[in-house]
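Novice: Dropping the structure in here first, questions after.
The values are calculated or read from the model by the stated rules, or taken from the named source; none is laboratory data. Bear in mind that the values here come from a model prediction, so they are computed numbers and not experimental data. Cβ sites come from the backbone with ideal geometry, for glycine too, and all protein chains shown count toward neighbours.
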Amino acid sequence: MSRLDPPRINRRSFLSLASLGSFFAALGTAAAGIFRLPNPAVLPGPVRRFKLGPPEQFSAGSETAFGEQNLVLFRDDDGFYAISSTCTHLGCTVARSKDGFACPCHGSRFDSKGSVIGGPAPRPLPWLEVSRAANGDLVVNADNEVPEGTRYRV
Amino acid sequence: MRDPSRIYRWLLLVASLLTVGYLVGAAVRENYRAQWKVVQRQYQDILRQKATDDRGRELLAKFRIDMKQASIPALGAVDRCVTCHNGIDDPRMTDVEQPHRTHPGHILDKHPVDRFGCTVCHHGQGAALTFREAKADDVFWDYPLLPPEMTEAACVTCHDAEKLPPDQIPLLTAGMTLYQEKSCGSCHKLGGRGGALGPALDNEGAKTKHQLIMTSLKPPHTTWNWQLAHFRDPGSVVPDSLMRNPTVTRRQALALTVYVLSQWKRDVPESYLAPDKIEQKYRALHPTPLTGEQVYQQYCAACHGNGTYSRWDKKFNRFVPAIRGVSLVSTATREYLQANIEQGRPGTQMPAWGPHAGGLLPEEIAGVIEYLRSGASAPPAMTVLTMRGDPNHGLSLFLRNCAGCHGMNGRGGLGPEIGNPVFRRAASDEFIIRTIRNGRIGSAMPAFQRKEAPALGDQDIADLLAFLRTLGEQRGQKPMAQNVTTSAPSGGRP
């Protein structure tokens, strides 16, 4: 058999191709497994899904600050929404001011919807996802941001 | 001619196909057949069946098949139990099979999983993703999963057991009462109060399985099983235990087990403590004195029984005196009893009970002396005291009449060691004379001056007393090694 013969699949070259092909398939599968390793299934951070109690305890038009969870829960006629009270600048806890929120550390100011109206804060205060747990309690998931203006209707 | 590389191509093909097969199999096993994923798919089906209203549909829509965990840094817990126990806080899941079922009772209303996790109460390996690993009753995990009925032992971490409703913690309440009824404090210290024969139980619940000897324990080799077996028969797990069989029913053994498991000084952030727990800590620093009878019941009764009879103790290898017997309390002075209680009886199993030893308050010791003496009668007049004794004649009398039980030089044998320093200092002449004369009713000590047949005359007793007073001097000249008795108390457990 010379190199000038037209290429045809005979038994021997099929064997070569199959063995090389399966070798690279094995390599690829193993690599896929290896590259999954740096992504842990669960991060060991604390739980940031907060149960805030039954929705009936918040009246329409109310706002409730949860200091430990660093968020403020609002209820208006359209439903519930929660705004994080962690400043987007350096992570201080913002205080409620006349026209919205004010950060005591570097003077960032936000309006009542969380948008920046002054100071060094680079981003508006995030709105957090509100949902309900199986037992009916309101749940705020501080890991999930939602677009401004999103309301949760009970 | 055959191509020599052919065999290598076959080899590569077979090896690579095997590797691909293995890797694909592993990927399927890990990503699809994993126990928790199977469980979550089952739960998703249950959610689908129960999605009859808006909220049900919302919960179904939000349900994702992924690992769920409650991570509470303050308690050092990363609990993935909720990965399989998905319905734990869903009130609709009361009628489904485990592991999907709702947590029983209303405990989770006040102890949400997000804030408390699971292992703070149930123990076990929280990070595990299979039930076998979560149960962790092998040698690799210190605190294996508690059986459900024993979980109440953990309530005490944050609560004062006495302030919790007893119907919520039936075993713990029973165990607490039994601990006092069975007079466990006679030998074991708790909160600095109690005897010194057995180990202190203050942190017994914190013990890991590696601190207990499991060789003669039937599996499972867990601390709770060890405690349970130990309460049924201490000798079965600790061969040289001095502890008497507590004669308890199975349920009482369970209650005592829960009680000792609850003795765990866990470091929990203050924000987790119930207000009554803080009050309990304050109360422990400022204890209210018990009455004499309570003290006797909790700290004396295990060895002395009801105190009116003398008892031969096989494990102590000596008589335990009848300390409420009428012949003792009508002869012993208050000072004598007080010295014996506060300083103990060296050479015997009787420990010291003073504030710095057994932890009894001075008013409690006074109270228990009052209780012991409640059967005392007025002592008759004494004539011996005016006589002068001859210690040499006393020695021959002692060898003939006393040494058989009290040992040569009063070192003790069947009878108590009357040569010990506390006895010598505290026993008045009058007390010794009365005891020799009248004996000890309810014990092996006979009366040596009965009216019908006096064995010793008044002068003999005076001689004997003179000899007894020289005992300390003789002992003082001997090497200390002689003071060591063979039945020196060793800890209840190795």
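Novice: So in region B:1-32, with the set limited to residues that are among the β-branched types (Val, Ile, Thr) and surrounded by 12 or more Cβ atoms within 10 Å (Cβ to Cβ), which one is farthest from the other protein chains (Cβ to nearest Cβ)?
Specialist: B:Val14
Novice: Now for a separate question. Between A:Ala25, A:Ala31, which is more than 9 Å from chain B (Cβ to nearest Cβ), of a type in the set (Gly, Ala, Ser) and in a helix (DSSP H, G or I)?
Specialist: A:Ala31
Novice: Only one of B:Gln69, B:Gln35, B:Gln49 is touching a residue at least 60 places away in the same chain (Cβ under 8 Å) and either loosely packed, with under 14 Cβ neighbours inside 10 Å or within 42 Å of the chain's Cα centre (by Cα) (or both). Can you tell me which?
Specialist: The match here is B:Gln35.
Novice: Filter region A:81-138 down to the residues that are more than 14 Å from every other protein chain (Cβ to nearest Cβ) and among the hydroxyl-bearing types (Ser, Thr, Tyr) and list them by number.
Specialist: Passing the criteria: A:Tyr81, A:Ser84, A:Ser85, A:Thr86, A:Thr88, A:Thr93, A:Ser97, A:Ser108, A:Ser112, A:Ser115.
Novice: Determine which single condition B:Gln40 fails, assuming it passes every other condition in (1) within 12 Å of chain A (Cβ to nearest Cβ); (2) assigned to a helix (DSSP H, G or I); (3) crowded, with 16+ Cβ neighbours inside 10 Å.
Specialist: So B:Gln40 meets the others, but not (1).
Novice: Filter region A:10-22 down to the residues that are within 8 Å of another protein chain (Cβ to nearest Cβ) and among the aliphatic types (A, V, I, L, M) and list them by number.
Specialist: A:Leu15, A:Ala18, A:Leu20
Conditions tested, residue by residue: (1) of a type in the set (S, T, N, Q); (2) under 20 Å from B:Phe431 (Cβ atoms); (3) buried (at least 21 other Cβ atoms within 10 Å of the Cβ); (4) under 28 Å from the mean Cα position of the chain (by Cα).
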| site | (1), (2), (3), (4) |
| --- | --- |
| B:Ser330 | yes, yes, no, no |
| B:Ile341 | no, yes, yes, yes |
| B:Gly344 | no, yes, yes, yes |
| B:Gln349 | yes, no, yes, yes |
| B:His356 | no, no, no, yes |
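Novice: Same structure again: Looking only at region B:174-199, count every residue that is in a helix (DSSP H, G or I) and touching a residue at least 60 places away in the same chain (Cβ under 8 Å) and tell me the total.
Specialist: To start, the set of residues in region B:174-199 that are in a helix (DSSP H, G or I) comprises B:174-181, B:184-186.
This time we only want the ones that are touching a residue at least 60 places away in the same chain (Cβ under 8 Å), so: B:174-176, B:178-181, B:184-186.
Within region B:174-199, residues that are in a helix (DSSP H, G or I) and touching a residue at least 60 places away in the same chain (Cβ under 8 Å) number 10.
Novice: Right, next: From the residues in region A:48-70 that are among the hydrophobic types (A, V, I, L, M, F, W, C) and more than 14 Å from chain B (Cβ to nearest Cβ), which one is farthest from A:Val139 (Cα to Cα)?
Specialist: A:Ala60
Novice: Has region A:36-47 got at least one residue that is more than 10 Å from every other protein chain (Cβ to nearest Cβ), touching a Ser or Thr at 6+ places or on another chain (Cβ under 7 Å) and under 26 Å from A:Arg151 (Cβ atoms)?
Specialist: The answer is no; no qualifying residue exists.
Novice: Pairs, please: C-beta under 7 Å, at least 6 apart or cross-chain, first residue outside the structural domain of B:Arg345 (by TED's automatic domain parsing) and in region B:403-417, second of a type in the set (Ser, Thr, Tyr) and surrounded by fewer than 19 Cβ atoms within 10 Å (Cβ to Cβ)?
Specialist: Within 7 Å, the pairs are B:Gly412/B:Thr485.
Novice: Can you tell me which condition B:Glu149 does not meet? The list is (1) surrounded by 20 or more Cβ atoms within 10 Å (Cβ to Cβ); (2) in contact with a Leu (Cβ under 7 Å, 6 or more places away or on another chain), and all the others hold.
Specialist: (1)
Novice: Condition (residue is more than 11 Å from chain A (Cβ to nearest Cβ) and at pLDDT below 90) applied to region B:146-153: is it met by at least one residue?
Specialist: Looking through region B:146-153, none of the residues is more than 11 Å from chain A (Cβ to nearest Cβ) and at pLDDT below 90.
Novice: Continuing with this model, one more query. B:Arg55 fails exactly one of the following numbered conditions: (1) facing chain A (nearest Cβ under 9 Å); (2) assigned to a loop (DSSP other than H, G, I, E, B). What is the number of that condition?
Specialist: (2)
Novice: Which of the residues belonging to region B:209-252 are in a helix (DSSP H, G or I) and basic (Lys, Arg)?
Specialist: B:Lys209, B:Arg232, B:Arg250, B:Arg251, listed by residue number.
Novice: Which ones in region B:230-282 are aromatic (Phe, Trp, Tyr) and surrounded by 12 or more Cβ atoms within 10 Å (Cβ to Cβ)?
Specialist: Once the filter is applied, which keeps residues that are aromatic (Phe, Trp, Tyr) and surrounded by 12 or more Cβ atoms within 10 Å (Cβ to Cβ), region B:230-282 yields B:Phe231, B:Tyr259, B:Trp264, B:Tyr272.
Novice: Same structure, new question: Quick test for you: out of B:His159, B:His188, pick the one residue that is in contact with a Lys or Arg (Cβ under 9 Å, 6 or more places away or on another chain), crowded, with 16+ Cβ neighbours inside 10 Å and of a type outside the set (D, E, K, R).
Specialist: B:His159 is the lone residue from the list that is in contact with a Lys or Arg (Cβ under 9 Å, 6 or more places away or on another chain), crowded, with 16+ Cβ neighbours inside 10 Å and of a type outside the set (D, E, K, R).
Novice: I'd like the full set of residues that are in a helix (DSSP H, G or I) and either at pLDDT below 90 or not aliphatic (A, V, I, L, M) (or both), limited to region B:108-126.
Specialist: If the condition is that a residue be in a helix (DSSP H, G or I) and either at pLDDT below 90 or not aliphatic (A, V, I, L, M) (or both), then B:Leu108, B:Asp109, B:Lys110, B:Val113, B:Asp114, B:Arg115, B:Phe116, B:Thr119, B:Cys121, B:His122 are the ones that fit.
Novice: Determine, yes or no, whether B:Gly185 is of a type in the set (Gly, Ala, Ser), modelled with pLDDT of 90 or more, in contact with a helix residue (DSSP H, G or I) (Cβ under 6 Å, 6 or more places away or on another chain) and closer than 23 Å to B:Cys303 by Cα.
Specialist: Values: of a type in the set (Gly, Ala, Ser): yes; modelled with pLDDT of 90 or more: yes; in contact with a helix residue (DSSP H, G or I) (Cβ under 6 Å, 6 or more places away or on another chain): yes; closer than 23 Å to B:Cys303 by Cα: yes.
When the stated conditions are applied, B:Gly185 passes them.
Novice: When only residues in region B:72-86 that are hydrophobic (A, V, I, L, M, F, W, C) and not in a loop (DSSP other than H, G, I, E, B) count, which is surrounded by the fewest Cβ atoms within 10 Å (Cβ to Cβ)?
Specialist: Here the residue is B:Ala74.
Novice: Of everything in region B:87-106 that's facing another protein chain (nearest Cβ under 7 Å) and assigned to a loop (DSSP other than H, G, I, E, B), which residue is nearest to B:Thr151 (Cα to Cα)?
Specialist: B:Asp89
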